[in-house]
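Student: Below is one structure. I have some questions about it.
The values are calculated or read from the model by the stated rules, or taken from the named source; none is laboratory data. Here the structure is a predicted model, which means the values were calculated and not measured. Virtual Cβ from ideal backbone geometry, glycine too; neighbours counted across all protein chains shown.
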Amino acid sequence: MPNPAILPTRGFADHVTALFWRRPRVLLALLLVLPLLWLGVVYLGSLAALLAQSFFSIDEFSGMVVREFTLKTYAELLRPSNFDVILRTLTMSAAVTLLCAILGFPIAYFAARFARGRWKAVFYLGIMLPLWSSYLVKVYAWKLILAKEGILTWAAEVTHTSAVLNAVLALPVIGGTSLSTSYLGMCMVFVYVWLPFMILPMQAALERVPTSMLEASRDLGATRAQTFRTVILPLALPGVVAGSIFTFSLTMGDYIIPQIVGNSANFIGMAVYQLQGTAGNIPLAAAFSMVPIAIMLVYLTIAKRAGAFDAL
């Protein structure tokens, strides 16, 4: 008779492995419990606390927070000074998003349709390289570039285009004494900082556009403009929407660039920073913080109903 096989003694790890094999949902629950706790307690909990704070108010005499439900704080957002901050922020965010889309689309299209092999690696390196440097370093570098004694002013003098630069700076609203103290200069810095966040989603969407559809459009006699308008742009819209979510929301919440570049006009990010810091008006700071959240929720809802996320 052959000797019976001797099986090793099953330990605790073997029992746990068998349990996970028989009940994979237990393993899935254990893997998700910590991320879900982080999301629910830290992220959603902080948003809930922020929302609750926005319904409180400040006592005008003592400066203490009155923890009673009121809409008084939200009514303060409609004051001309506060409402101007919201409109200014929305206008800048929309302008930055539009410029990022206009500048980023040709780059993304070239990378998706023509860049191959080593050139695609160069593309990704060129897009990602600015993200590897310090945010503050980039902003301060642009402040020097846009200053009255900066390289752009010097280049305008060398090329005898100072009159053009001065004419641009003389424009109402967007102009100023120099590019570093104007809305135009601030917009340029925003576009430079957030442009990669627009290019990468558009490039990913454009890579999924079938070449056969472009060839069919050409065979049917469509011009390049018609092909772009009826084929490429609709199919690339999910990438444009995804990129606009980044650029629009990041511009709305930024408070560093408006402090360093521009004419010191207030934006939502700066208002929140000042109100929760030096002013100590936490409820109004929370109410200001809810404005970008509400705007992005509305924007995402409209984009979803329009089918912009169907191809993502």
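Student: Kindly indicate which of VAL158, VAL164 is touching a helix residue (DSSP H, G or I) at 6+ places or on another chain (Cβ under 9 Å) and either aliphatic (A, V, I, L, M) or surrounded by 12 or more Cβ atoms within 10 Å (Cβ to Cβ) (or both).
Tutor: Values: VAL158 fails: touching a helix residue (DSSP H, G or I) at 6+ places or on another chain (Cβ under 9 Å).
None of the other options fit; the residue is VAL164.
Student: I would also like to ask the following. Do you know which of the residues in the range 41-63 that are surrounded by 10 or more Cβ atoms within 10 Å (Cβ to Cβ) and outside any helix (DSSP H, G or I) is modelled with the lowest pLDDT?
Tutor: My answer is GLY63.
Student: Which residue is nearest to ILE127 (Cα to Cα), if the candidates are limited to the range 165-194 and must be assigned to a helix (DSSP H, G or I) and either basic (Lys, Arg) or in contact with a Lys or Arg (Cβ under 7 Å, 6 or more places away or on another chain) (or both)? Outline the logic, then answer.
Tutor: Of the residues in the range 165-194, the ones assigned to a helix (DSSP H, G or I) are 165-169, 179-181, 183-194.
The next check asks that each one be either basic (Lys, Arg) or in contact with a Lys or Arg (Cβ under 7 Å, 6 or more places away or on another chain) (or both); those that pass are 180, 193.
Numbers: SER180: 24, VAL193: 11 Å.
Among those that are assigned to a helix (DSSP H, G or I) and either basic (Lys, Arg) or in contact with a Lys or Arg (Cβ under 7 Å, 6 or more places away or on another chain) (or both), it is VAL193.
Student: What about TYR109, is it in contact (Cβ under 8 Å) with a residue 60 or more places away in the chain and within 26 Å of LEU214 (Cα to Cα)?
Tutor: So TYR109 fits the description; yes.
Student: Return the residue satisfying two criteria in turn: it lies in the range 250-277 and is hydroxyl-bearing (Ser, Thr, Tyr) and surrounded by fewer than 20 Cβ atoms within 10 Å (Cβ to Cβ), and of such residues it is nearest to CYS100 (Cα to Cα).
Tutor: Step one: of the range 250-277, the residues hydroxyl-bearing (Ser, Thr, Tyr) are 251, 255, 264, 273.
If we keep only those that are surrounded by fewer than 20 Cβ atoms within 10 Å (Cβ to Cβ) as well, we get 255, 264, 273.
On the way: TYR255: 19, SER264: 23, TYR273: 26 Å.
Filtering first and then ranking leaves TYR255.
Student: Is one or more of the residues making up the range 139-156 outside any helix (DSSP H, G or I) and of a type outside the set (Gly, Ala, Ser)? Steps first, please.
Tutor: First, pick out the residues of the range 139-156 that are outside any helix (DSSP H, G or I): 147-150.
Filter once more, keeping what is of a type outside the set (Gly, Ala, Ser): 148-149.
Scanning the range 139-156, I find at least one residue that is outside any helix (DSSP H, G or I) and of a type outside the set (Gly, Ala, Ser), so the answer is yes.
Rundown of residues vs (1) over 24 Å from ALA287 (Cβ atoms); (2) out of contact with any Leu (no Cβ under 8 Å at 6 or more places or on another chain); (3) in contact (Cβ under 8 Å) with a residue 12 or more places away in the chain, yes/no style:
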| position | (1), (2), (3) |
| --- | --- |
| PRO24 | yes, yes, no |
| LEU27 | yes, yes, no |
| LEU32 | yes, yes, no |
| LEU36 | yes, yes, no |
| VAL42 | no, yes, no |
| SER46 | no, yes, no |
| LEU50 | no, yes, yes |
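Student: Another question about this same structure. Which one of SER244, SER249 is in contact with a helix residue (DSSP H, G or I) (Cβ under 8 Å, 6 or more places away or on another chain) and either at pLDDT below 85 or closer than 18 Å to ILE86 by Cβ (or both)? It would help to see each step written out before you state the result.
Tutor: Numbers: SER244 fails: either at pLDDT below 85 or closer than 18 Å to ILE86 by Cβ (or both).
None of the others qualify; the one that does is SER249.
Student: Keeping to the range 152-184, report how many residues are within 25 Å of THR251 (Cβ to Cβ) and of a type in the set (A, V, I, L, M). Please lay out each step first, then the result.
Tutor: Taking the range 152-184 as the starting set, the residues that turn out to be within 25 Å of THR251 (Cβ to Cβ) are 152, 165, 168-169, 171-184.
Keeping just the survivors that are of a type in the set (A, V, I, L, M) gives 152, 165, 168-169, 171, 173-174, 179, 184.
Matching residues across the range 152-184 total 9.
Student: I would also like to ask the following. Which one is modelled with the highest pLDDT, of the residues in the range 281-308 that are surrounded by 14 or more Cβ atoms within 10 Å (Cβ to Cβ) and not in a helix (DSSP H, G or I)?
Tutor: Filtering the range 281-308 for residues that are surrounded by 14 or more Cβ atoms within 10 Å (Cβ to Cβ) and not in a helix (DSSP H, G or I), the one modelled with the highest pLDDT comes out as ASN281.
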